[in-house]
1. log10 I(q)/I(0), Debye, Cα-only the chain, no solvent, q = 0.10, 0.16 Å⁻¹?
2. Using only alpha carbons, build the gyration tensor for region 156-215 and give me the equivalent ellipsoid semi-axes, biggest first, whole Å.
3. Can you show me the helix-derived [θ] at 222 nm for the chain, built from DSSP H runs with n ≥ 4 at -39,500 (n - 2.57) apiece and divided by the number of residues, rounded to the nearest 500.
4. Residues with amide H under 5 Å of residue 146's amide H, sequence separation 5 or more or different chain, H placed in the peptide plane at 1.01 Å from N; which?
5. 7 Å from Cα along Cα→Cβ at both residue 205 and residue 73: what's the point-to-point distance in nm?
6. Rounded to the nearest whole Å², what accessible area per residue is found for region 65-215 with the 1.4 Å probe?
7. Indicate, rounded to the nearest 5 percent, the antiparallel portion of the DSSP beta bridges found entirely in the chain.
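The values are calculated or read from the model by the stated rules, or taken from the named source; none is laboratory data. Model, not experiment: these values are computed from the prediction. Positions of Cβ are backbone-derived with ideal geometry, glycine not excepted, and every protein chain shown enters the neighbour counts. With ligands, DNA and RNA removed, areas are computed over all heavy atoms of the protein, side chains included. Shrake-Rupley method; radii C 1.70, N 1.55, O 1.52, S 1.80 Å.
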Amino acid sequence: MSTRTRKSTHAHRTFGSSQKRLRVLVDMDQVLCDFEGSFLVKYREKYPEEPFIPLEERNTFYIADQYAKLEPDMQDKARDIWNAEGFFLNLPEIKGGCQALTEMSQMEDVDVFICTSPLTFYKYCLQEKFKWVEDHLGPDWISRLVITKDKTMVHGDVLIDDKPRIRGVRDPPSWKQVLFTAPYNQKVDLRGRQRLNTWTDDCWRDIIEDFKKRI
Ligand SMILES: Cc1cn([C@H]2C[C@H](OP(=O)(O)O)[C@@H](CO)O2)c(=O)[nH]c1=O
Ligand SMILES: [Mg+2]
């Protein structure tokens, strides 16, 4: 065997797998972390006399948009809750999310990244998102955390996200969105997107297997 042939055989073994890897991006708030539930508990503790919107009546993606309609200063009161130190750090997990992510990352030919947006008021949120990932998923996941205001800039095959309309500089984005169900996105036009209602059954696994066949 000539040197050239040997080299190419090695290259084939190392890099030449015909199976393309599926890159899955998974959002944090309202997909892995219970932003809405935690907001409501903290808001009611801080403002017990004020009106509030029960989870099942939430109908806008941004909480402040709906609270602004209750009374003019309500959106500032609402913002104080998620801008506070410790809000992101102490978000409870959406049931089954971290377990599903761990299992997804162990699937054959699947790469998983977390893809989340920071608040514009980033003082606590940024570092608390890192710490949340470390606490709930482990230190190895820190290198799988992508924080960006524009998710269309991130390359992937699938983005699992609760936001009904995700827009940015890249149109269309490289990924297809799977809409993770939340109160405010129950009635949105799916425009061909799939839904994922929960992490606690095996539907997420079927969706990932299905995408693997399509890439
Ligand atoms: C202000 C606000 C933020 N968020 C989340 C969305 C973003 O996180 P994520 O991309 O992980 O879903 C983050 C910054 O806006 O906070 C809500 O889910 N609802 C809100 O009302
Ligand atoms: Mg989200």
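1. Ignoring solvent entirely, the Cα scatterers give -0.50, -1.14.
2. On the way: eigenvalues 67, 58, 14 Å².
So the equivalent ellipsoid measures 18, 17, 8 Å along its semi-axes.
3. So the calculated ellipticity at 222 nm is -10500 deg cm²/dmol.
4. Those lying under 5 Å, H to H, from residue 146 are 114, 115, 116.
5. Here the answer is 5.3 nm between the modelled labels.
6. Working: 8200 Å² over 151 residues.
Dividing the accessible area of region 65-215 by its residue count gives 54 Å².
7. That works out to approximately 5 percent antiparallel.
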